[in-house]
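See below for the structure under consideration.
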Amino acid sequence: MIPHPQLIVVFYKNASGREPVREWLKGLSKNDKKLIGEDIKTVQFGWPIGMPVVRKIEGYLWEIRTSLENRISRIIITIQGGRIILLHGFIKKEQKTAKGDLDLARKRVIDVRGKHE
């Protein structure tokens, strides 16, 4: 029996039609893309899921946590209407998520979910 995904994966699309997370992923090595893709798939098929793969940040924001060779990546996501929306991806440089990365994800989640939710 083939398992069915719990969620459909979609990329956040800005007003000009660009998909920043897709663009970010294209710039990574083949191995990094594979590891990140496996973690996204784990979330897609296993939602709800927690640590160590997913950590709730706040409100409607979670992060997918991937260990790469000598570094770590994060993709900040939101879940809405049976979809996992990939809002922002980055290589983490410090223990704490940078304010700029969080602010960008917050802006995008408002864009996706609306200001009143």
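The values are calculated or read from the model by the stated rules, or taken from the named source; none is laboratory data. Keep in mind that what you see is a predicted model, and the values were worked out from it rather than measured. Here the Cβ is made from the backbone with ideal geometry for all residues, glycine too, and neighbour counts use every protein chain on show.
If you go through the range 96-117 and keep only what is in contact (Cβ under 8 Å) with a residue 12 or more places away in the chain and either part of a strand (DSSP E or B) or hydrophobic (A, V, I, L, M, F, W, C) (or both), you end up with L102, L104, A105, V109, V112.
Among the residues of the range 39-55, are any among the β-branched types (V, I, T), in contact with a helix residue (DSSP H, G or I) (Cβ under 8 Å, 6 or more places away or on another chain) and at pLDDT below 95? Write out each step before concluding.
Step one: of the range 39-55, the residues among the β-branched types (V, I, T) are 40, 42-43, 49, 53-54.
Imposing the further condition that a residue be in contact with a helix residue (DSSP H, G or I) (Cβ under 8 Å, 6 or more places away or on another chain) reduces the set to 49, 53-54.
Subset that is at pLDDT below 95: 49.
Yes, because at least one residue in the range 39-55 is among the β-branched types (V, I, T), in contact with a helix residue (DSSP H, G or I) (Cβ under 8 Å, 6 or more places away or on another chain) and at pLDDT below 95.
Between T42, T78, T66, the distinction of being under 11 Å from the mean Cα position of the chain (by Cα), farther than 17 Å from A105 by Cα and not basic (K, R) belongs to T66 only.
Just one of the numbered conditions (1) closer than 28 Å to P3 by Cα; (2) crowded, with 16+ Cβ neighbours inside 10 Å is not true of R108: (1). Note on the range 43-95: enclosed strands (runs of 3 or more DSSP E) holding 3 or more residues that are buried (at least 16 other Cβ atoms within 10 Å of the Cβ) are 61-68, 71-80, 83-92. For first residues located in the range 14-42 and more than 23 Å from R113 (Cα to Cα) and basic (K, R), partners that are surrounded by 10 or more Cβ atoms within 10 Å (Cβ to Cβ) and at pLDDT 95 or above and lie 6+ apart or on another chain with Cβ distances below 7 Å form the pairs K33/L25.
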